[in-house]
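Participant: This is the structure I have questions about; it appears just below.
The values are calculated or read from the model by the stated rules, or taken from the named source; none is laboratory data. Every value quoted in this text rests on a predicted model; they were computed, and no experiment measured them. Every residue, glycine among them, receives a Cβ derived from its backbone with ideal geometry; neighbour counts consider all protein chains shown. Each accessible area value is taken on the protein alone, full model and side chains, heavy atoms only, with ligands, DNA and RNA left out. Shrake-Rupley method; radii C 1.70, N 1.55, O 1.52, S 1.80 Å.
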Amino acid sequence: MAGTFKFELVSPERVLISVDADQVVVPGAGGDFAVLAGHAPFITTLRPGVLDVLAGGAKRRVLVKSGFAEVDPSRLTILAQAAYDVDEMTPAIIARELSAAEADLAAAKDDAAQSAADSLVNELRRISAKAA
Amino acid sequence: MASLKDMRNRIASVKATQKITKAMQMVAAAKLRRAQEAAQSARPYAERMDGVLANLASKVADKKSAPQLLVGNGKDQVHLLIVMTAERGLCGGFNSNIAKLARQDAQKLLAYGKTVKIYTVGRKGADSLRREFGKSFVERTDFQGVKQLNFDHAQGIANKVLGMFEAGDFDVATLYFSEFKSVIAQKPTALQLIPAKIPEVKDEGAKTASAVHEYEPSEEEVLGDLLRRNVSTQLFRGLLENAASEQGSRMSAMDNATRNAGDMINKLTIKYNRQRQANITKELIEIISGAEAL
């Protein structure tokens, strides 16, 4: 293991997470990828999905809704439009987000919008199944 | 000459007004702190966004294939002015300064033969521009009763603006809001939103570092996505700065009002006491001269 790197999750309203992480799994637009320290620099857009953050032995799961990630060898910055800590999501929040996502899916005009809404719906169903 | 009773009433009424302005000032101070915090915590996102965008934009060599949000659609005929103001008055020159700047620019554009469309955010701006430019209004969004602004509000405006741009309803969009310099200084500002004004890459190190970034899916797609996001981010920044400016402006306006009311009370009290003493003296003279006459 090459050690830790700086992980930051930033929403438009504030900095949500800023930790030294061991590993973060990011739902990229072109597929999930794991970031370790020393990752090659690259920038990608995200699809809605769950971030798996491994920091100091503790694991956190964070749901992000669209955004992009900037990867540097010593840093990972994720700019997310909206993010929720999965463990802190109440059934009420899940239900609200799910119905919003399903409405988006029904209204999606092009393929990109449809697949984004689709993956969000799937992710939310999985979370709600686990919570129940 | 006002009677003593009238003057007492007058003093009481000014005192009541002073209490109200004092309360408003304190409320504004509390709200200002919150608004400032919100503006501050929104800064990291905007800064990262600017950084990535600046790097990407400097790479787009081919101007023709570049996204229209970045280079414009080649025309400069129809201008959309997005005027952001407050929902409420009693905040000094805050609303009128923004409206004034927007009005000047609109008149300039009209003088050049351009078409002007206006999108007002907030009730006060709509009220003060309606008489002159009522026919140019195309959209309005009000935040009446909204306690805490969040990103969804900005997103809502951004979606409308982007929708209009894609439909070809305008060529250039400019955002009018008040920049929060400090509690006592707010500067009405015009910010070009579409085509995007890209910040220069300042840091030479960041420039070379970004040169090795890879992009997924592709540079163009990431850039296109970012530019759309940038619109809502800028709008969000405008909303937050405006909120902070409004409270700052209200605070100093109410501070002035409280002080003026204090001065007024002092003056009225002096006048009242003089009048009272004059009355007493007059009565004494009447009694004494009455006694002497006997």
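Participant: Here is a list of conditions, (1) away from chain B (no Cβ under 14 Å); (2) surrounded by fewer than 17 Cβ atoms within 10 Å (Cβ to Cβ); (3) touching a strand residue (DSSP E or B) at 6+ places or on another chain (Cβ under 9 Å), and A:Glu88 meets all of them except one; can you say which number that is?
Facilitator: (3)
Participant: How many residues, within the stretch A:35-53, are away from every other protein chain (no Cβ under 12 Å), open to solvent by less than 50 Å² (accessible area, probe 1.4 Å) and aliphatic (A, V, I, L, M)?
Facilitator: From the stretch A:35-53, those away from every other protein chain (no Cβ under 12 Å) are A:35-38, A:48-53; that's our starting set.
Applying the additional criterion that residues be open to solvent by less than 50 Å² (accessible area, probe 1.4 Å) yields A:35, A:37, A:48-53.
Now narrow it down to the ones that are aliphatic (A, V, I, L, M): A:35, A:37, A:50-51, A:53.
Of the residues in that region, 5 qualify.
Participant: Which count do you get for residues in the stretch B:26-42 that are surrounded by 14 or more Cβ atoms within 10 Å (Cβ to Cβ) and charged (D, E, K, R)?
Facilitator: 1
Participant: Please specify each residue of the stretch A:76-85 satisfying the condition of being within 10 Å of chain B (Cβ to nearest Cβ) and crowded, with 21+ Cβ neighbours inside 10 Å.
Facilitator: Scanning the stretch A:76-85 gives A:Thr77, A:Ile78, A:Leu79, A:Ala80.
Participant: Could I ask something else about it? Can you name the residue in the stretch B:166-184 that is of a type in the set (A, V, I, L, M) and open to solvent by 40 Å² or more (accessible area, probe 1.4 Å) and is also farthest from the chain's Cα centre (by Cα) among such residues?
Facilitator: If we take residues in the stretch B:166-184 being of a type in the set (A, V, I, L, M) and open to solvent by 40 Å² or more (accessible area, probe 1.4 Å), then B:Ala167 is farthest from the chain's Cα centre (by Cα).
Participant: State all residues of the stretch B:248-277 that are open to solvent by 20 Å² or more (accessible area, probe 1.4 Å) and within 26 Å of B:Gln36 (Cβ to Cβ); if no residue qualifies, say none.
Facilitator: Scanning the stretch B:248-277 gives B:Met251, B:Ser252, B:Ala253, B:Asp255, B:Asn256, B:Ala257, B:Arg259.
Participant: Sticking with this structure for a sec: Based on what the data block shows, is B:Ala38 in contact (Cβ under 8 Å) with a residue 12 or more places away in the chain and within 14 Å of chain A (Cβ to nearest Cβ)?
Facilitator: Yes.
Participant: While we're on this one: Checking A:Ser18 against (1) surrounded by 18 or more Cβ atoms within 10 Å (Cβ to Cβ); (2) within 29 Å of B:Glu37 (Cα to Cα); (3) free of Cβ contacts under 8 Å to residues at least 24 places away in the same chain: exactly one of these is not met. Which one?
Facilitator: (1)
Participant: Could you list all residues from the stretch B:7-54 that are of a type in the set (S, T, N, Q), touching a helix residue (DSSP H, G or I) at 6+ places or on another chain (Cβ under 9 Å) and closer than 30 Å to B:Ile270 by Cα?
Facilitator: Within the stretch B:7-54, B:Thr17, B:Gln18, B:Thr21, B:Gln25 meet the criteria.
Participant: Considering the stretch B:61-119 alone, what residues qualify as being β-branched (Val, Ile, Thr), within 26 Å of the chain's Cα centre (by Cα) and open to solvent by 40 Å² or more (accessible area, probe 1.4 Å)?
Facilitator: B:Thr115
Participant: Further question on the same structure: Looking at the stretch A:106-129, can you tell me whether even one residue there is assigned to a strand (DSSP E or B), open to solvent by less than 50 Å² (accessible area, probe 1.4 Å), modelled with pLDDT of 75 or more and on the phi < 0 side of the Ramachandran plot?
Facilitator: no
Participant: For a quick check of your reading of the model, give me the residue pairs whose first member lies in the stretch B:134-152 and is within 14 Å of chain A (Cβ to nearest Cβ), whose second is surrounded by fewer than 15 Cβ atoms within 10 Å (Cβ to Cβ), with beta-carbon atoms closer than 9 Å and at least 6 apart or on different chains.
Facilitator: Final answer for the pair search is B:Gln148/B:Arg34.
Participant: List pairs: first residue in the stretch A:2-13 and more than 10 Å from chain B (Cβ to nearest Cβ), second residue of a type in the set (Val, Ile, Thr) anywhere in the structure, Cβ distance under 6 angstrom, at least six positions apart or on different chains.
Facilitator: What qualifies is A:Phe7/A:Val19; A:Phe7/A:Val24; A:Leu9/A:Ile17; A:Leu9/A:Ile78.
Participant: Next question. Could you tell me how many of the residues in the stretch A:61-75 are within 14 Å of chain B (Cβ to nearest Cβ) and within 16 Å of A:Ala29 (Cα to Cα)?
Facilitator: 8
Participant: Next question. Check off (1) touching a Pro at 6+ places or on another chain (Cβ under 8 Å); (2) at pLDDT below 80 for A:Val64 and give me the number that stays unchecked.
Facilitator: (2) is the only condition that A:Val64 fails.
Participant: Here is a further query. Condition first: touching a residue at least 12 places away in the same chain (Cβ under 8 Å), farther than 17 Å from B:Tyr45 by Cβ and either of a type in the set (D, E, K, R) or assigned by TED's automatic domain parsing to the domain that holds A:Ile127 (or both). Now tell me which residues in the stretch A:34-72 satisfy that.
Facilitator: Residues satisfying the conditions are A:Arg47, A:Asp52, A:Arg60, A:Arg61, A:Asp72.
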